[in-house]
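One structure is given here, and the rest of the page talks about it.
The values are calculated or read from the model by the stated rules, or taken from the named source; none is laboratory data. Computed from a prediction, not measured in an experiment: that's the story for all the values here. Positions of Cβ are backbone-derived with ideal geometry, glycine not excepted, and every protein chain shown enters the neighbour counts. Note: accessible area is taken over every heavy atom of the protein model, side chains too, but ligands, DNA and RNA are not part of it. Shrake-Rupley method; radii C 1.70, N 1.55, O 1.52, S 1.80 Å.
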Amino acid sequence: MKAASVILSILGLVALACAAPLESNPWALIPDGNGRLHLINVNPYDVPTGDNEVEPMFDPENDVVFRLYTRRNPVHPQVIRWNDAGSVSGSNFNPAHPTRFLIHGFLEGEDASLHWSIKDHFIRIGEFNIVNVDWGAGSQTINYIAARNRVGAVGEIISRMINNIVSATGTSRNNINLIGHSLGAHVAANAGKHQNGQLNTIIGLDPAGPLFSSGQADIFGANDALYTEAIYTNAGLLGFDQ
């Protein structure tokens with residue numbers, strides 16, 4: 001009986017989460033990159049922010065990890081750093097090849113499915129510099145609000161990494177594309193904003209919808225790169241639809 005009661009309670013929460021719009025109901029079912037659903041409170045008034053944030057320890061300058069893959073090292077990455085030009089110039093990065101940044105979403109990290117599936121695809125079809133952006137220290141939390149509020153800072157660090165790559169290798173910003181999933185799409189957009197829209201392309205895969213609305217400074221936008229594209233499978237629910 002106890003197990004049945006627990007199951008009924010969970011089903012009740014799931015039904016509540018699915019039935020009411022986010023504006024009137026703080027609970028939402030949000031999938032990770034593998035499609036596993038997580039019941040998350042997305043009410044921004046329920047969670048402290050600023051100096052009283054529940055998880056104040058995330059530091060983008062130190063906690064965002066950049067892992068470089070090429071055909072010379074398709075499995076074992078080389079870690080490059082936004083504040084260390086030598087880590088780039090001494091790596092397998094080739095400025096003659098296109099560069100692709102892959103940015104995971106909510107609840108993911110180094111092993112995000114986006115990182116591996118798209119990285120492997122690029123390496124199969126040609127010569128690329130693939131940079132997997134791991135901001136799992138900021139995204140792997142049940143506190144969706146905290147993760148959402150970090151997209152701007154993570155994007156800014158990616159912009160610094162791009163500046164380092166351009167300075168260290170002479171590669172062109174027109175040779176750089178960003179691909180982000182969920183919250184990672186907004187991260188990519190913020191990196192593009194810090195690059196003054198001069199990157200070649202930003203692609204958002206289901207840019208996250210909860211707690212994003214038109215007019216916000218850190219939202220995925222049409223002018224964040226020379227070409228931007230949003231691909232939706234969940235628009236109007238968990239995907240931003242404007």
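If I filter segment 115-138 down to residues being in contact with a Ser or Thr (Cβ under 9 Å, 6 or more places away or on another chain) and of a type outside the set (Asp, Glu), which single residue comes out as nearest to Glu61 (Cα to Cα)?
Taking segment 115-138 first, the residues in contact with a Ser or Thr (Cβ under 9 Å, 6 or more places away or on another chain) are 123, 127-131.
After this cut, where a residue has to be of a type outside the set (Asp, Glu) as well, the list is 123, 128-131.
Values: Ile123: 28, Phe128: 25, Asn129: 22, Ile130: 20, Val131: 17 Å.
Filtering segment 115-138 for residues that are in contact with a Ser or Thr (Cβ under 9 Å, 6 or more places away or on another chain) and of a type outside the set (Asp, Glu), the one nearest to Glu61 (Cα to Cα) comes out as Val131.
Of all residues being in a helix (DSSP H, G or I) and of a type in the set (Gly, Ala, Ser) in segment 101-136, which is surrounded by the fewest Cβ atoms within 10 Å (Cβ to Cβ)? Just the residue, please.
Taking segment 101-136 first, the residues in a helix (DSSP H, G or I) are 113-125, 136.
Filter once more, keeping what is of a type in the set (Gly, Ala, Ser): 113, 117, 136.
Values: Ser113: 14, Ser117: 11, Gly136: 18.
Restricting to residues being in a helix (DSSP H, G or I) and of a type in the set (Gly, Ala, Ser), the top hit is Ser117.
Pull up segment 137-153, narrow it to residues that are in contact (Cβ under 8 Å) with a residue 60 or more places away in the chain and among the small types (Gly, Ala, Ser), then point me to the one that is surrounded by the most Cβ atoms within 10 Å (Cβ to Cβ). Walk me through how you get there before you give the answer.
Start the filter on segment 137-153 by keeping residues that are in contact (Cβ under 8 Å) with a residue 60 or more places away in the chain, which leaves 137-138, 141-146, 148-153.
After this cut, where a residue has to be among the small types (Gly, Ala, Ser) as well, the list is 137-138, 146, 152-153.
Working: Ala137: 19, Gly138: 24, Ala146: 19, Gly152: 20, Ala153: 18.
Out of the qualifying residues, it is Gly138.
Any residue that is in contact (Cβ under 8 Å) with a residue 40 or more places away in the chain, open to solvent by less than 40 Å² (accessible area, probe 1.4 Å) and hydroxyl-bearing (Ser, Thr, Tyr) - is there at least one of those in segment 81-92?
No, every residue in segment 81-92 fails to be in contact (Cβ under 8 Å) with a residue 40 or more places away in the chain, open to solvent by less than 40 Å² (accessible area, probe 1.4 Å) and hydroxyl-bearing (Ser, Thr, Tyr).
Could you identify the single residue in Ala153, Ala168 that is in contact with a Ser or Thr (Cβ under 6 Å, 6 or more places away or on another chain), part of a helix (DSSP H, G or I) and modelled with pLDDT of 95 or more? Give the steps one after another, and end with the answer.
Numbers: Ala153 fails: in contact with a Ser or Thr (Cβ under 6 Å, 6 or more places away or on another chain).
Going through Ala153, Ala168 in turn, the sole match is Ala168.
Does segment 173-212 hold any residues that are surrounded by fewer than 24 Cβ atoms within 10 Å (Cβ to Cβ), in a loop (DSSP other than H, G, I, E, B) and in contact (Cβ under 8 Å) with a residue 12 or more places away in the chain, and which are they?
Gln195, Gly197, Gln198, Asn200, Asp206, Gly209, Pro210, Leu211, Phe212 - these are the residues of segment 173-212 that are surrounded by fewer than 24 Cβ atoms within 10 Å (Cβ to Cβ), in a loop (DSSP other than H, G, I, E, B) and in contact (Cβ under 8 Å) with a residue 12 or more places away in the chain.
If we scan segment 55-63, do we find a residue that is at pLDDT below 95, crowded, with 17+ Cβ neighbours inside 10 Å, of a type in the set (Asp, Glu) and in a loop (DSSP other than H, G, I, E, B)?
no
So Glu156 passes all but one of these: (1) acidic (Asp, Glu); (2) over 25 Å from Gly221 (Cα atoms); (3) touching a residue at least 40 places away in the same chain (Cβ under 8 Å). Which condition number does it fail?
(2)
What is the residue count in segment 216-241 for residues that are open to solvent by less than 40 Å² (accessible area, probe 1.4 Å), modelled with pLDDT under 85 and outside any loop (DSSP other than H, G, I, E, B)?
1
Taking only segment 154-169 into account, find how many residues are of a type in the set (Gly, Ala, Ser) and open to solvent by 10 Å² or more (accessible area, probe 1.4 Å). Before the answer, list the steps.
Quick first cut of segment 154-169, residues of a type in the set (Gly, Ala, Ser) only: 155, 159, 167-168.
Of the ones still in play, those that are also open to solvent by 10 Å² or more (accessible area, probe 1.4 Å) are 167-168.
Residues meeting the conditions: 2.
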